[in-house]
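Here's the structure we're looking at; comments come further down.
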Amino acid sequence: MMDSVKNAGENISRRLSRTWDHISDGWRELVHHGSDALTHFVHRKGEEDKGQESAASTPAFPRWSILAGDMEETDGEIVVRIEVPGMEKKDFEISIEGKMLSLRGEKRFERDTNDSKYHVMERAYGVFQRTLPLPVEVNEDKAEADYKNGVLTVRLPKLNVEKRRFISIS
């Protein structure tokens with residue numbers, strides 16, 4: 001009987017070890033693919049102090065949020081789309097330095113009333129910056145940006161785009 005208990009314990013231990021390995025692999029995969037989208041939000045100096053005065057009515061904001069996006073390359077341009085809902089066009093600052101695209105902004109917290117309390121607060125607010133490496137050099141002077149339905153789209157024409165030329169065989 002002692003041997004069967006010992007074997008059962010070893011069996012459980014092996015299974016737990018394998019489960020932990022799977023969880024660790026999943027976590028590494030999440031961090032690897034999501035780390036660029038994970039963005040730190042910082043409150044402006046003085047705003048955190050105001051929040052402490054009425055801590056009972058003001059929720060504690062998350063400091064991290066995902067700014068999911070994608071980057072697409074065509075023959076002539078790079079198109080970057082980033083989801084940033086709940087903002088206004090004036091809240092963004094976009095810059096290009098070399099082969100890096102930087103998006104800086106501020107997502108402001110607005111509240112309709114002060115006589116309520118939050119039960120869930122998952123959205124981050126404050127100042128943020130996200131930098132994306134570009135696969136090629138782009139023409140900064142001809143870059144365009146558009147913000148519609150919570151998605152910021154930045155179109156970056158490529159520099160030195162050579163058209164493919166087909167050569168006929170004689």
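The values are calculated or read from the model by the stated rules, or taken from the named source; none is laboratory data. Keep in mind that what you see is a predicted model, and the values were worked out from it rather than measured. Positions of Cβ are backbone-derived with ideal geometry, glycine not excepted, and every protein chain shown enters the neighbour counts.
The residues of the range 91-114 that are of a type in the set (Asp, Glu) and without any contact (Cβ under 8 Å) to a residue 12 or more places away in the chain, listed by number, are Glu97, Glu110, Asp112. Screening Pro85 on (1) in contact (Cβ under 8 Å) with a residue 60 or more places away in the chain; (2) part of a strand (DSSP E or B) shows it passes everything except condition (2). All told, Ile96 meets the bar of being at pLDDT 90 or above and not charged (D, E, K, R).
Of the strands (runs of 3 or more DSSP E) entirely within the range 89-170, those holding at least 3 residues that are surrounded by 10 or more Cβ atoms within 10 Å (Cβ to Cβ) and not charged (D, E, K, R) occupy 92-97, 100-107, 126-133, 151-157. Here are Asn114, Asn149, Asn139: which of them is at positive phi and among the polar types (S, T, N, Q)? Exactly one residue qualifies, and that residue is Asn149. Filter the range 123-159 down to the residues that are in contact (Cβ under 8 Å) with a residue 60 or more places away in the chain, in contact with a Leu (Cβ under 9 Å, 6 or more places away or on another chain) and among the charged types (D, E, K, R) and list them by number. Once the filter is applied, which keeps residues that are in contact (Cβ under 8 Å) with a residue 60 or more places away in the chain, in contact with a Leu (Cβ under 9 Å, 6 or more places away or on another chain) and among the charged types (D, E, K, R), the range 123-159 yields only Arg130.
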